[in-house]
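S.K.: The following block contains the structure, expressed as structure tokens.
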Amino acid sequence: MAGDFGKIAEYSAQEAELFVDSLGIAPGMQVLDVACGTGNLAIPAARKGAQVTGVDIAANLLEQARARADAEGLQIAFEEGDAEQLPFPDAHFDVVMSMFGAMFAPDPDKVASELARVCRHGGKISMANWTPEGFTGKMFRLTSRYLPPAVEIPAPTLWGDEAVARLRLSSNAVRVETTRRRIILFDYPFPPREVVQFFRDYFGPTKVAFSRLEEADQIAYRDDLEKLWSEYNQARSGKTLIQNEYLEVIGSRL
């Protein structure tokens, strides 16, 4: 609920559409978007004629998702719920998908079990997860140096490790294929310093991290973030362009 992830999500909407295009979604299919945020996956799936449900724990993001769907005249059921305890019956969906969402739930084993439970036999489970080695993984590690997690939980980016993702899902009768080094472009029309401020204002984890640090640590954290963004920036002329790696996970429910 912190910040406004809708502002951040705008910059990944195009990649989300491409991700949905790869899933073979057809009219009439029952599709679930887990940790749907503002609907980056749910909306293009609904455009294909699927019966789409989106679920998320953040009520403010669901409000934005409903507004986006209404603006396009799309019928999507956006519901408040937890990826660790999905409020849906067994074997209900043809496609269960999540992009940079379900990976952040604190109990990954419960998430894997729930994704499999609500997917019909022969159905598809698809995830896009930030890798530990990619830019987002580096940014999270930097944040954890300044603000270690209060509770010991598995790093979300472990979902971006091929072996870990395979183990978690295959333990729940899912046959898994993975494709590493999928790239999403972080393309911002302003320089790294302004990108850091943008994330500080709108990206929940960064906003919360700054709020919990003393002023001197806030300055040091900001400077280190700016250094990281600048180091990986491939753009010139006051813009920011970073190639960010994620793992594509495609599973078939046995």
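The values are calculated or read from the model by the stated rules, or taken from the named source; none is laboratory data. Source: prediction; values computed, not measured. So basically every Cβ, Gly included, is an ideal-geometry build from the backbone, and we count neighbours across all protein chains shown. SASA here: full protein model, heavy atoms, side chains in, ligands and nucleic acids out. Shrake-Rupley method; radii C 1.70, N 1.55, O 1.52, S 1.80 Å.
S.K.: Somewhere in segment 48-56, is a residue under 26 Å from LEU167 (Cα atoms), charged (D, E, K, R) and either in contact (Cβ under 8 Å) with a residue 12 or more places away in the chain or open to solvent by 10 Å² or more (accessible area, probe 1.4 Å) (or both)?
M.R.: Checked segment 48-56: at least one residue is under 26 Å from LEU167 (Cα atoms), charged (D, E, K, R) and either in contact (Cβ under 8 Å) with a residue 12 or more places away in the chain or open to solvent by 10 Å² or more (accessible area, probe 1.4 Å) (or both).
S.K.: State which residue pairs qualify: first residue closer than 18 Å to ALA173 by Cα and inside segment 107-136, second residue modelled with pLDDT under 95 and open to solvent by 50 Å² or more (accessible area, probe 1.4 Å) in any location, beta carbons under 8 Å apart, and separation of 6 or more residues or different chains.
M.R.: PRO108/PRO154
S.K.: Six or more apart or on different chains, Cβ atoms under 7 Å: show the pairs whose first residue is in segment 77-89 and farther than 17 Å from PHE100 by Cα and whose second is of a type in the set (A, V, I, L, M, F, W, C) and open to solvent by 40 Å² or more (accessible area, probe 1.4 Å).
M.R.: GLU80/ILE57
S.K.: Quick check on segment 129-157: of everything there that is touching a Phe, Trp or Tyr at 6+ places or on another chain (Cβ under 9 Å) and among the small types (Gly, Ala, Ser), which residue is surrounded by the most Cβ atoms within 10 Å (Cβ to Cβ)?
M.R.: GLY134
S.K.: Within segment 110-127, can you find the residues that are crowded, with 21+ Cβ neighbours inside 10 Å and in contact with a Lys or Arg (Cβ under 7 Å, 6 or more places away or on another chain)?
M.R.: Within segment 110-127, ALA112, ALA116, CYS119, GLY123, ILE125 meet the criteria.
Conditions (1) open to solvent by less than 30 Å² (accessible area, probe 1.4 Å); (2) of a type in the set (Asp, Glu); (3) free of Cβ contacts under 8 Å to residues at least 60 places away in the same chain, marked per residue:
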{"position": "VAL174", "(1), (2), (3)": "yes, no, no"}
{"position": "ARG193", "(1), (2), (3)": "no, no, yes"}
{"position": "VAL196", "(1), (2), (3)": "yes, no, yes"}
{"position": "ASP201", "(1), (2), (3)": "no, yes, no"}
{"position": "TRP229", "(1), (2), (3)": "yes, no, yes"}
{"position": "GLU248", "(1), (2), (3)": "yes, yes, no"}
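S.K.: Continuing with this model, one more query. Return yes or no: is VAL164 closer than 27 Å to LYS7 by Cβ, modelled with pLDDT of 95 or more, part of a helix (DSSP H, G or I) and open to solvent by less than 80 Å² (accessible area, probe 1.4 Å)?
M.R.: no
S.K.: Please find, within segment 213-254, the residue that is farthest from ALA173 (Cα to Cα) out of those that are of a type in the set (S, T, N, Q) and not in a helix (DSSP H, G or I).
M.R.: SER237
S.K.: Now, a different point. Within segment 23-44, identify whether any single residue is on the phi < 0 side of the Ramachandran plot, open to solvent by 20 Å² or more (accessible area, probe 1.4 Å) and among the charged types (D, E, K, R), and answer yes or no.
M.R.: The answer is no, given that none of the residues of segment 23-44 is on the phi < 0 side of the Ramachandran plot, open to solvent by 20 Å² or more (accessible area, probe 1.4 Å) and among the charged types (D, E, K, R).
S.K.: Also: Can you give me the number of residues within segment 176-191 that are open to solvent by less than 90 Å² (accessible area, probe 1.4 Å) and acidic (Asp, Glu)?
M.R.: Number satisfying all stated conditions: 1.
S.K.: Does PHE100 count as over 29 Å from ALA50 (Cβ atoms), touching a helix residue (DSSP H, G or I) at 6+ places or on another chain (Cβ under 8 Å) and of a type outside the set (Lys, Arg)?
M.R.: no
S.K.: Where in segment 2-98 are there helices (runs of 4 or more DSSP H), lying fully within it, with 2 or more residues that are farther than 17 Å from ILE250 by Cβ, modelled with pLDDT of 95 or more and not hydroxyl-bearing (Ser, Thr, Tyr)? Working first, answer last.
M.R.: Details: elements: 5-9, 13-21, 42-47, 59-72.
The helices (runs of 4 or more DSSP H) meeting that bar are 42-47, 59-72.
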